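The values are calculated or read from the model by the stated rules, or taken from the named source; none is laboratory data. On a predicted model such as this, the values are computed, not experimentally measured, just so you know. So basically every Cβ, Gly included, is an ideal-geometry build from the backbone, and we count neighbours across all protein chains shown. Heavy atoms of the whole protein, side chains included, go into the accessibility calculation; ligands, DNA and RNA do not. Shrake-Rupley method; radii C 1.70, N 1.55, O 1.52, S 1.80 Å.
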Amino acid sequence: MVIVAEQVRARVLRADLKEKAERWEREDTARGPEPEPEAGRQSSAARPADGPARELLGEWFALHAPMVLRVVGRAVRREDAHLVEDLAQDVWVEAWQYLLRGNEVARPVGLLAVMARSRVSAHYRSARVRRESATDFQVTELAVDRLVSWIGAVA
């Protein structure tokens, strides 16, 4: 009796989630693409005050990008080699934020190496990495089944 009730509950959740996903898809399609920024307006990502930091980061990237890739590549597990470029990109974002905060850097090589190792360590500390599994969210039924299994595991 309990198993039947859980199966019915799972079917109801699946149907509800499928309906919501379809509704969100319709709304998103009806909304259309995001508007382009007006010509002549500068986007918020490019502020004149960021110029010196942007130039400095560009110099660092030209000189040290291969080193960052090597450090990240040596620190990741063999089966995660496909993550090297993503984690290296995260290092550059972190370096950009570090510069924007106004920090002075005497040795950029050392800073970037430490940031690279720290980023890889943070990646592996993340509980998400240990539990993550791929789902093709383009196939609505599979996605809904996956969500129901997650909800059922928690409930």
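Structural remarks
- The heavy atoms of Leu83 present about 40 square angstrom of accessible area, all protein chains included, probe 1.4 Å.
- Rounded FRET efficiency, nearest 0.05, which uses the C-beta distance separating Tyr98 from Met67 and R0 of 22 Å: 0.85
- Vicinal HN-Hα couplings computed from phi for segment 100-111 (Karplus, 6.51 cos²θ - 1.76 cosθ + 1.60; Hz; Gly/Pro x): 5, 6, x, 6, 8, 10, 7, 10, x, 4, x, 4
- Heavy atoms of Asp28: accessible area, 1.4 Å probe, square angstrom to 10: 80 Å²
- FRET efficiency, Arg14 to Ala106 (Cβ-Cβ, R0 41 Å, nearest 0.05): 0.10
- The slack between Ala30 and Tyr124, meaning 0.36 nm per residue of separation minus the straight C-alpha distance, is 29.9 nm.
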